[in-house]
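Chemist: Got a structure here, written out as structure tokens. Questions coming.
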Amino acid sequence: MTEFSSNEDMPRWKSIAEEKKAARDARTIQDWRLKPEQVSDDQLNVINVPSQCGILTTRELEITGLNAHSLAKRIVNHEYTSYEVTLAFCKRAAIAQQLVNCLSEIFFEEALLAAKNLDKEFEKSGIPRGPLHGVPISLKDCFQVENTDAAIGYTALINHPSSKENESEITKIMRDSGAILFCKTTVPTALMAGETFNSIYGYTSNPYNRNFSSGGSSGGESALLALHGSPLGIGSDIGGSIRIPASFTGLYSLKPSFGRFSTQGIRDSLNGQEAVRNTVGPMGHCLEDIEIWCETVVNYQSHLSVDSDCLPIPWRRPDIPEKLCFGILLDDGIVRPLPPVTAALLRLKTELEEAGHSVIEFCLEDSSFLNSLRYPLYQSAAARRIKETLSLTREPWPRGYEMLENMTKDENVIPATVSDLWEAQVQRTEYCKRVLQRWADTKKYTGTGREIDGLIMPCSPWPASLK
């Protein structure tokens, strides 16, 4: 456990956090540091600072402007080395960190050594290690990487680095596929918020306007990717933790169904909770990058028993009809999105129709009762577990967690029982059944003889939220 100071009445959580933050900041090379005027608090939009600050060479700007699939091709074609690509993204990630506070773990030196060794291996064999050969990839803080913390915002979990044996399965798959892991990104405490703030590193801002959030809980990935400090990142998602951050900074992403990608070895405050399952997925700059990541992971998993929860289904390419029909849901009857979000959905509807597809209205079953299921499904246990972990260093509850904190203080709030959980799971499953039936019923209205091919919905009620 993390140690306290000699005065047991004085918790060390703050000094622990400051030491960790200082250690992280010390791993940024002096030549990669911005001038004070380049990180002025008055400059809200910093999206162009990396390309204008003078730290990156013309070639490095070219490299960091490319997508992951393009980089993989160019490395294999000997246009770039993995080392120079990794160096370029390490420098740009360091710049991004100074602008929006998006990195939790920095291992640039280790990444550059791995890239150099990969180049030697490729020069000798002429065979790329895998589909992501030489491509730098960033990871959300919850992924375990050897010799780094996976503190997920808790001071109590600092200075407990992961071992090789405990590495996340996705970490291993990325290395075996040729990727170079070079940093991990910030998260809210316990991964339980739609913005990214914790007592170790503070707030992660949106590079398009630093008065706004980059979302959560994969908010560090969102901010880093928006500044092109990484060509491809990996997040995790239960209730929007990939989708919300991606929408806040204009990225592509995928929150898959549970069982498609391995979650083995992921650090989480809800480990053991199986009522609402966590998933992992990619975040990037284009659809092609999302596809190559998914295909790589699925094909790797399909012939190796790496995770008993993963379905051994190989990558498949469906025949997509020329004309598609989509459902669209503008309002769930509980929260009405802000006008810019609705406008974006309607613009997409128009563009799909102009491309020859059709879009029909889709209405959900009454979902107002779902909010009441959150407590027995996961909030009751999560609140207690968060309190227990915070208490190890007497760390205060972070901002935005008032509801969970009150659950642990209010004597009238009774912890959910196993029977409560079972009943909530029955209601959850019955609701899913009704929604699937409504989806199946769309076959009557699509005009294609099929059910709707996809459902368009908001990622969030707002384009981004104020800090």
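The values are calculated or read from the model by the stated rules, or taken from the named source; none is laboratory data. These figures come from a predicted structure and were not determined experimentally. Quick reminder, even Gly has a Cβ in these numbers, built from the backbone with ideal geometry, and neighbours come from all protein chains shown.
Chemist: Can you pull out the residues in region 215-231 that are under 11 Å from the mean Cα position of the chain (by Cα) and assigned to a loop (DSSP other than H, G, I, E, B)?
Modeler: 215, 216, 217, 218
Chemist: Could I ask something else about it? Please find, among 116, 120, the residue that is without any contact (Cβ under 8 Å) to a residue 24 or more places away in the chain and of a type in the set (D, E, K, R).
Modeler: 120
Chemist: Just to be sure before I move on: is residue 306 surrounded by 12 or more Cβ atoms within 10 Å (Cβ to Cβ), over 25 Å from residue 450 (Cα atoms), touching a strand residue (DSSP E or B) at 6+ places or on another chain (Cβ under 9 Å) and touching a residue at least 60 places away in the same chain (Cβ under 8 Å) in the structure I sent?
Modeler: no
Chemist: Also: Contact list please: Cβ distance under 8 Å, first residue in region 13-25 and free of Cβ contacts under 8 Å to residues at least 24 places away in the same chain, second residue surrounded by fewer than 16 Cβ atoms within 10 Å (Cβ to Cβ) and small (Gly, Ala, Ser), pairs at least six apart or on different chains.
Modeler: Within 8 Å, the pairs are 15/5.
Chemist: Please tell me if residue 29 is among the aliphatic types (A, V, I, L, M) and either in contact with a Pro (Cβ under 9 Å, 6 or more places away or on another chain) or buried (at least 16 other Cβ atoms within 10 Å of the Cβ) (or both). Write out each step before concluding.
Modeler: Working: among the aliphatic types (A, V, I, L, M): yes; either in contact with a Pro (Cβ under 9 Å, 6 or more places away or on another chain) or buried (at least 16 other Cβ atoms within 10 Å of the Cβ) (or both): no.
Here the answer is no, as residue 29 does not meet what is asked.
Chemist: When you go through 90, 102, 53 one by one, which is the residue that is surrounded by fewer than 23 Cβ atoms within 10 Å (Cβ to Cβ) and either under 30 Å from residue 466 (Cβ atoms) or in contact with a strand residue (DSSP E or B) (Cβ under 7 Å, 6 or more places away or on another chain) (or both)?
Modeler: The unique qualifying residue is 53.
Chemist: Only one of these conditions is not met by residue 349: (1) under 26 Å from the mean Cα position of the chain (by Cα); (2) closer than 26 Å to residue 437 by Cα. Which number is it?
Modeler: Condition (1) is where residue 349 drops out.
Chemist: Still on this model: Quick check on region 318-374: of everything there that is more than 29 Å from residue 295 (Cα to Cα) and of a type in the set (Phe, Trp, Tyr), which residue is modelled with the lowest pLDDT?
Modeler: Looking at residues that are more than 29 Å from residue 295 (Cα to Cα) and of a type in the set (Phe, Trp, Tyr), I get 369.
Chemist: Being farther than 17 Å from residue 138 by Cβ and under 23 Å from the mean Cα position of the chain (by Cα) is the filter here; which residues of region 60-100 pass it?
Modeler: Within region 60-100, 70 is the sole residue that qualifies.
Chemist: Oh, and also: Of the residues 177, 163, 138, which single one is buried (at least 24 other Cβ atoms within 10 Å of the Cβ) and among the hydroxyl-bearing types (Ser, Thr, Tyr)?
Modeler: Answer to the selection: 138.
Chemist: Would you check which residues across region 189-221 are on the phi > 0 side of the Ramachandran plot and surrounded by fewer than 23 Cβ atoms within 10 Å (Cβ to Cβ) and list them?
Modeler: 202 - this is the single residue of region 189-221 that is on the phi > 0 side of the Ramachandran plot and surrounded by fewer than 23 Cβ atoms within 10 Å (Cβ to Cβ).
Chemist: Residue 144 versus (1) buried (at least 22 other Cβ atoms within 10 Å of the Cβ); (2) closer than 18 Å to residue 294 by Cα: which is the lone unmet condition?
Modeler: Here residue 144 clears every test but (2).
Chemist: I'd like to check which helices (runs of 4 or more DSSP H) are fully inside region 366-460 and have at least 1 residues that are in contact with a Pro (Cβ under 6 Å, 6 or more places away or on another chain), among the aromatic types (Phe, Trp, Tyr) and surrounded by 11 or more Cβ atoms within 10 Å (Cβ to Cβ).
Modeler: The helices (runs of 4 or more DSSP H) meeting that bar number zero.
Chemist: Among the residues of region 289-299, is any crowded, with 21+ Cβ neighbours inside 10 Å and of a type in the set (Asp, Glu)?
Modeler: Yes, region 289-299 has at least one match.
Matching residues to (1) modelled with pLDDT under 95; (2) in contact with a helix residue (DSSP H, G or I) (Cβ under 9 Å, 6 or more places away or on another chain); (3) among the β-branched types (Val, Ile, Thr); (4) farther than 23 Å from residue 263 by Cα:
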| site | (1), (2), (3), (4) |
| --- | --- |
| 170 | no, yes, yes, no |
| 211 | no, no, no, yes |
| 224 | no, yes, no, no |
| 237 | no, yes, no, no |
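Chemist: Can you find a residue that is among the hydrophobic types (A, V, I, L, M, F, W, C), part of a loop (DSSP other than H, G, I, E, B) and in contact (Cβ under 8 Å) with a residue 40 or more places away in the chain anywhere in region 344-360?
Modeler: No: zero hits.
Chemist: Across region 19-59, which residue is nearest to residue 159 (Cα to Cα) among those that are among the polar types (S, T, N, Q) and part of a loop (DSSP other than H, G, I, E, B)? Please lay out each step first, then the result.
Modeler: The initial filter retains those residues of region 19-59 that are among the polar types (S, T, N, Q), namely 28, 30, 38, 40, 43, 45, 48, 51-52, 57-58.
Restricting the remaining residues to those that are part of a loop (DSSP other than H, G, I, E, B) gives 28, 40, 43, 45, 48, 57.
Numbers: 28: 19, 40: 32, 43: 35, 45: 34, 48: 35, 57: 36 Å.
Per the stated criteria, the residue is 28.
Chemist: Name, by its number, the condition in (1) in contact with an Asp or Glu (Cβ under 9 Å, 6 or more places away or on another chain); (2) within 30 Å of residue 155 (Cβ to Cβ); (3) aliphatic (A, V, I, L, M) that does not hold for residue 381.
Modeler: It fails just one condition, (1).
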